[in-house]
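Before any comments, here is the structure.
The values are calculated or read from the model by the stated rules, or taken from the named source; none is laboratory data. What you see is a predicted model; the values in this text were computed from it and never measured. Neighbour counts are summed over all protein chains in view; Cβ atoms, including those assigned to glycine, are modelled from backbone coordinates with ideal geometry. Heads up: the accessible areas ignore ligands, DNA and RNA and are worked out on the full protein's heavy atoms, side chains in. Shrake-Rupley method; radii C 1.70, N 1.55, O 1.52, S 1.80 Å.
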Amino acid sequence: MDSSLHMIKLSDYSAFLFDLDGTLVDSMGMWKGIDYHFLHKRNLSVPDGLQLKISGMSMYETALYFKKTFALSDSPEELMNEWNDMARDEYRYKIGMKPGALEFLKEIFSRRIPSALCTSNSRFLVSACLSAHKLLQQFDVIITSDDIKSGKPAPDIYIMAAERLNVDPKKCLVFEDTLQGIMASKAAGCDVIGIDDRYTKDHFLDKQKLSLYMIDDFREIKVIS
């Protein structure tokens, strides 16, 4: 057996909970581009650190943040609809999975390990993304920003996932790429494996401190009985 692999003992956990963007799919760069085009056509510049500031927020919270920060007259619903329209085809046709993620998901699905997707993204885009990768019917539970009032780092989304799976949050293992998501996981009482992503490099050390370990590729972990 490869000694460099990180082992996950099934006896330690009742369920696996996954973030989507930056964790399972390589989409963070796409959102950076959408923010640029969205603001550029309004003759506004993208402030430094915008992506890190809104990371983990629900789409509604992000809309409120944009309204306040950029003094926009659009309603939150109008902003969310515009972002959904801008991102739809990207999720359907262009965005790929993170290294090893699809194979790892197929393994846990085949072993019938209870699983949930817990994302700050909209259900509209989540459905487009999961359908493109033939994963829409695979997760036992899917929770999106449409289902929660407080986004990450609030623990709500992970507590809700554990409740819907009928498991103790302390018996859940979370996979997350952002510091806010990792903080949400820990606040819910879950263990977490941090996913390294180039768009959250500034938070690497903080993520590492809160995670069991950090991985670049899902092939670095192995599930054992």
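Brief remarks follow.
- Of all residues in segment 1-41, those satisfying the criterion of being over 12 Å from residue 90 (Cβ atoms) and small (Gly, Ala, Ser) are 3, 4, 11, 14, 15, 22.
- Residues of segment 26-49 that turn out to be under 19 Å from the mean Cα position of the chain (by Cα), charged (D, E, K, R) and either in a loop (DSSP other than H, G, I, E, B) or surrounded by fewer than 11 Cβ atoms within 10 Å (Cβ to Cβ) (or both), as a count: 1
- Only one of 117, 125, 72 that is among the hydrophobic types (A, V, I, L, M, F, W, C) and part of a helix (DSSP H, G or I): 125
- Looking only at residues in segment 104-123 that are in contact (Cβ under 8 Å) with a residue 12 or more places away in the chain and farther than 20 Å from residue 158 by Cα, the one that is most open to solvent (accessible area, probe 1.4 Å) is 111.
- Matching entry among 12, 74 (being more than 17 Å from the chain's Cα centre (by Cα) and either more than 24 Å from residue 174 (Cα to Cα) or polar (S, T, N, Q) (or both)): 74
- Residue that is farthest from residue 29 (Cα to Cα), among those in segment 160-203 that are touching a Pro at 6+ places or on another chain (Cβ under 6 Å) and part of a helix (DSSP H, G or I): 165
- For residue 78, the criteria (1) part of a loop (DSSP other than H, G, I, E, B); (2) without any contact (Cβ under 8 Å) to a residue 60 or more places away in the chain hold in every case but one, which is (1).
- Which listed residue, of 156, 146, 140, 74, is charged (D, E, K, R) and at pLDDT below 95: 146
- Unique match (being in contact (Cβ under 8 Å) with a residue 40 or more places away in the chain and not hydroxyl-bearing (Ser, Thr, Tyr)) among 171, 186: 171
- Exclusive hit being under 21 Å from residue 142 (Cβ atoms) and touching a helix residue (DSSP H, G or I) at 6+ places or on another chain (Cβ under 6 Å), set 105, 17, 44: 17
Residue-by-condition table, conditions (1) in contact with a strand residue (DSSP E or B) (Cβ under 8 Å, 6 or more places away or on another chain); (2) among the acidic types (Asp, Glu):
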position: 77; (1), (2): no, yes
position: 81; (1), (2): no, no
position: 88; (1), (2): no, no
position: 92; (1), (2): no, no
position: 99; (1), (2): no, no
position: 104; (1), (2): yes, no
position: 111; (1), (2): yes, no
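- The set of residues in segment 73-102 that are loosely packed, with under 14 Cβ neighbours inside 10 Å, of a type in the set (Gly, Ala, Ser) and either over 19 Å from residue 176 (Cα atoms) or in contact with a helix residue (DSSP H, G or I) (Cβ under 7 Å, 6 or more places away or on another chain) (or both) comprises 73, 75.
- Positions within segment 125-138 being touching a residue at least 40 places away in the same chain (Cβ under 8 Å) and either within 29 Å of residue 64 (Cα to Cα) or buried (at least 20 other Cβ atoms within 10 Å of the Cβ) (or both), in sequence order: 125, 126, 128, 129
- Single residue of 23, 69, 62 found to be open to solvent by 60 Å² or more (accessible area, probe 1.4 Å) and hydroxyl-bearing (Ser, Thr, Tyr): 69
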